[in-house]
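**Q** Got a structure here, written out as structure tokens. Questions coming.
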Amino acid sequence: MAIFYRVRSLNYVSKCFSSINALYLQSPIRRFYSEQATSPFESIGFVGLGNMGSRMANNLIKAGYRVAVHDINCNAMKKFSDMGVETKETPLEVAEASDVVITMLPSSSHVYDVYTGPNGLLHGGELRPRLLIDSSTIDPQTSRKLSLAVSNCTLKEKRDYAKKPAMLDAPVSGGVLAAEAGTLTFMVGGSEDAYLAAKSLFLSMGKNTVFCGGPGNGSAAKICNNLAMAISMLGVSESLALGQSLGISASTLTRVLNSSSGRCWSSDSYNPVPGVMEGVPSSRNYDGGFASKLMAKDLNLGATSAKEVGLKCPLTSQAQEIAL
């Protein structure tokens, strides 16, 4: 009965998100780009040069885009200036030099400050960038507030295909390894025309893009994805610990899982046991992995979102307790 109850709960969540999507999709879609144009953007701004952002920005540079960067960490900026990349002192300076600005930041509060702070991207309400893309993992409500704020701004230079600036929430999946390799998956919320205009940018940093619907839906999808990943990682870790205690090597049990019904990303692409897979954080003393504090943050976003729609998520709650 518990399984059937959870299935009904998941169906309910799906209906909730469908209703939210419908509300946003009812609004008129702006024609954002010219289908005849080979590339609507030339200069790209990037704010946030941490483990993920630095690699994403580097892939844009490799793809031939003119990139300007900013980070509060001077050492992170120096790495790019040493490569000949233009660095800026504030997000506002990045915006003034860019057709598109991409942000990759730790939390909702950081994103909100970069957009609306004294030297933020939206300062003055008149923007050069036609498109702002946030790839941070934040709550859908903040994404939707910022999307509305962007839509209330004006463009310094209007063009046939862009009468007003637009925003996409476009968080990513794949971790540092995929950011390095340029194989990220982007889950995108916002105007579909803006999504199509930005697709070449996404494919310079990743290999998959999924349009999820209106503003905030990319962030909602990311929260749900990370919730599932956290729970599966805990299950795989617990399974491998038990197997070793029962006398089965982690490598052998991994082969069993990956050829059986227990297979998942945590077992076949990001195995948590040292020595089982090459090139993953567990085989590098967990260097460059997804920090537990960030997973705890994402689980908190999921738990908060579930509470807001009145959905009980017991596995999320248990994963939260373990991650904290």
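Since every read-out is calculated from the coordinates, none of them should be taken as a lab result. Just so it is clear, the structure is predicted and the values come from calculations on it, not from any experiment. For neighbour counting, all protein chains shown are included, and Cβ atoms are generated from backbone atoms with ideal geometry for every residue, glycine included.
**Q** Under a 5 Å amide H to amide H cut-off, with H placed in plane at 1.01 Å, what residues pair with Leu184 once short-range neighbours are removed?
**A** Those lying under 5 Å, H to H, from Leu184 are Gly206, Lys207.
**Q** With contacts defined as alpha carbon pairs under 8 Å and 6 or more residues apart, what's the relative contact order of the chain in percent?
**A** Answer for the chain is 14 percent.
**Q** Over all distinct Cα pairs, what is the inverse of the mean 1/r for region 211-258, reported as the Kirkwood hydrodynamic radius in Å? Working shown, then result.
**A** Values: mean 1/r = 0.0789 Å⁻¹.
So the Kirkwood estimate lands at 12.7 Å.
**Q** With helices defined as uninterrupted DSSP H runs, which ones in the chain have an alpha carbon span along their own long axis of at least 18 Å and mean Kyte-Doolittle hydropathy of at least -0.5?
**A** Qualifying helices: 2-25, 192-205, 217-245, 292-308.
**Q** Also: Which value, in Å³ per residue, describes the convex hull spanned by the Cα atoms of region 135-234?
**A** Spread over its residues, the Cα hull of region 135-234 gives 99 Å³ apiece.
**Q** Still on this structure, I have one more. Please compute the modelled spin-label separation between Arg263 and Glu89, points set 7 Å along Cα→Cβ, answer in nm with one decimal.
**A** 5.5 nm
**Q** Roughly how big is the chain's charge dipole about its Cα centre, with Cβ charges of +1 (Lys, Arg) and -1 (Asp, Glu), in debye to the nearest 20? Intermediate results must be reported in sequence, preceding the final value.
**A** Values: 30 positive and 26 negative charges, 136 e Å.
Rounded to the nearest 20 debye, it is 660 debye.
**Q** Could you go through region 268-281 in sequence order and give the Karplus-derived ³J(HN,Hα) for each residue, using 6.51 cos²θ - 1.76 cosθ + 1.60 with θ = phi - 60°, rounded to whole Hz, and x for Gly and Pro?
**A** Along region 268-281, the couplings run 9, 10, 9, 3, x, 9, x, x, 7, 10, 8, x, 9, x Hz.
**Q** Mean separation of Cα pairs under 8 Å and 6+ residues apart, divided by the residue count of region 99-226: what relative contact order is that in percent?
**A** Worked out over region 99-226, it gives 23 percent.
**Q** On alpha carbon coordinates alone, what is the Rg over Rh value for region 160-217, Rh being the Kirkwood radius?
**A** That ratio is 1.01, to two decimals.
**Q** Thinking of region 129-171 as a set of Cα atoms, what percent of all their pairs are more than 13 Å apart?
**A** 52 percent
**Q** Would you mind getting me the FRET efficiency between Leu148 and Glu308? Use the beta-carbon distance for r and R0 = 22 Å, nearest 0.05.
**A** 0.75
**Q** With the cut-off at 1.5 for a/c, could you classify region 74-154 from its C-alpha gyration tensor as rounded, prolate or oblate?
**A** oblate
**Q** Let me ask you something else. Sorted from largest to smallest, which semi-axis lengths in Å does the alpha carbon gyration tensor of region 247-324 give for its equivalent ellipsoid, taking the root of 5 times each eigenvalue?
**A** Semi-axes (√(5λ), whole Å): 29, 16, 10.
**Q** Let me ask something else about it. Modelling each spin label as a point 7 Å along the Cα-to-Cβ direction, I'd like the Glu192/Arg284 distance in nm, to one decimal.
**A** My value for the distance between the label points is 3.9 nm.
**Q** Additional query: Is it possible to state the helix-based mean residue ellipticity at 222 nm for the chain, with each DSSP H run of 4+ residues giving -39500 (n - 2.57), the sum divided by total residues, to the nearest 500 deg cm²/dmol? What is it? Can you show the working numbers first?
**A** Details: 13 runs with 159 residues, N = 324.
About -15500 deg cm²/dmol.
**Q** Show me, bin by bin at 10 Å from 0, the whole-percent P(r) of region 57-216 based on Cα pairs.
**A** 11, 41, 40, 8, 0
**Q** Regarding region 166-306, what are the three Cα extents along the principal axes, ordered largest first, in Å?
**A** Principal axes ranked by extent give 56, 33, 28 Å for the Cα atoms.
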